[in-house]
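One structure is given below, represented as structure tokens, and several questions about it will come after.
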Amino acid sequence: METLWTIVGVVVAILIVIVSFYIMGRANTRPIRQGFKEQFYGGAVSGTSDLPCGRVSSEAEQLYALFSSKQFVAGEEGPTDLHDLRNLLSKLTCFKRDLMSPAQTITAVKELGFATHMDIQPVADLTGRCFSKILPERDLTIQISKWNDFGMDMIRRLCTAQNLSEGERQSAERLLTVLINDVQGVALNVCIPPPPKDPSAGGRLDPAANTPTELVSLRPYDGLY
């Protein structure tokens, strides 16, 4: 009987060792949500970035590096503002990445959260409306404008918190402007369907032939709410 219990103990010990090695081997395969390093884009290795999808925009990477490499010398909101700026840059770059995807699938933006201070709607929903060609240009313009205004506000706050020079502030604003214009250009090309050649020839299901009067009369969005 003692020999039997010895054998059972050895078998149990071996099983414990096997399970432990299996768990340790799988530990590094879990997705990392914080400190994400992007290593792949388009199926090929393209370096790393401190921003999700950052490899699609050198301006986004430069802008984030400008502030993440500096120390905070004033105020208490600096780290929070830097976190918010990173979220904004992630939305812009991942939005662009999904729009440029040949398969037109919602991949990069699907886990990005909704924030009322910078978003009109979840960016994944915005991307889906783009692919479905049901996003009015006015809605896209409002969202891009809100992203731009929020980013400029974060830049001003971070420059104050880090005591950056006027030249550095202007450089940061130029980087954001280039990024915003780039993303907007891609979005307009992908999201907004071309006007029909002959709207009067549209059928009953043609959106151009059934535009509600209240939408037709809306003035172009000029950034004022």
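The values are calculated or read from the model by the stated rules, or taken from the named source; none is laboratory data. Values in this document were obtained by computation on a predicted structure and should not be read as measured data. Counting neighbours? That spans all protein chains shown, and the Cβs are built from the backbone with ideal geometry, glycine included.
Give region 49-81 a look and list any residue that's farther than 22 Å from Arg97 by Cα and either buried (at least 19 other Cβ atoms within 10 Å of the Cβ) or of a type outside the set (Gly, Ala, Ser) (or both), or say none. Give the derivation first.
To start, the set of residues in region 49-81 that are farther than 22 Å from Arg97 by Cα comprises 66-81.
The answer is Leu66, Phe67, Lys70, Gln71, Phe72, Val73, Glu76, Glu77, Gly78, Pro79, Thr80, Asp81.
Here are the criteria: (1) in a loop (DSSP other than H, G, I, E, B); (2) in contact (Cβ under 8 Å) with a residue 24 or more places away in the chain. Tell me which single one Pro102 does not satisfy.
Condition (2) is where Pro102 drops out.
Just checking, which of Leu205, Leu224, Leu164, Leu158 is at pLDDT 95 or above and outside any helix (DSSP H, G or I)? Walk me through how you get there before you give the answer.
Working: Leu205 fails: at pLDDT 95 or above; Leu224 fails: at pLDDT 95 or above; Leu158 fails: outside any helix (DSSP H, G or I).
Going through Leu205, Leu224, Leu164, Leu158 in turn, the sole match is Leu164.
Also, quick follow-up: Just to verify a result, which residue in region 112-150, among those that are of a type in the set (Phe, Trp, Tyr) and in contact (Cβ under 8 Å) with a residue 24 or more places away in the chain, is surrounded by the most Cβ atoms within 10 Å (Cβ to Cβ)?
The initial filter retains those residues of region 112-150 that are of a type in the set (Phe, Trp, Tyr), namely 114, 131, 147, 150.
Then keep just the ones that are in contact (Cβ under 8 Å) with a residue 24 or more places away in the chain; that gives 131, 147, 150.
Details: Phe131: 16, Trp147: 24, Phe150: 18.
For region 112-150, the residue satisfying everything is Trp147.
Checking the conditions here, which among Lys96, Lys110, Lys133 is at pLDDT 95 or above and of a type in the set (Lys, Arg)? Before you say what the answer is, go through the steps one by one.
Details: Lys110 fails: at pLDDT 95 or above; Lys133 fails: at pLDDT 95 or above.
It is Lys96.
To continue, here is another question. Could you please let me know if Ile134 is within 21 Å of Gly75 (Cβ to Cβ) and β-branched (Val, Ile, Thr)? Outline the logic, then answer.
On the way: within 21 Å of Gly75 (Cβ to Cβ): no; β-branched (Val, Ile, Thr): yes.
Taking the combined requirement at face value, the residue does not satisfy it.
What are the pairs, 6+ residues apart or on separate chains, where a residue within region 56-85 that is outside any helix (DSSP H, G or I) has its Cβ under 6 Å from a residue that is among the aliphatic types (A, V, I, L, M) and surrounded by 14 or more Cβ atoms within 10 Å (Cβ to Cβ)?
Taking only residues 6 or more apart or on different chains, the pairs are Ser57/Leu179; Phe72/Ala161; Ala74/Ala161; Gly75/Ala161.
All but one of (1) in contact with a Leu (Cβ under 9 Å, 6 or more places away or on another chain); (2) part of a loop (DSSP other than H, G, I, E, B); (3) among the charged types (D, E, K, R) hold for Asp50; which doesn't?
Asp50 satisfies all of (1) in contact with a Leu (Cβ under 9 Å, 6 or more places away or on another chain); (2) part of a loop (DSSP other than H, G, I, E, B); (3) among the charged types (D, E, K, R) except (1).
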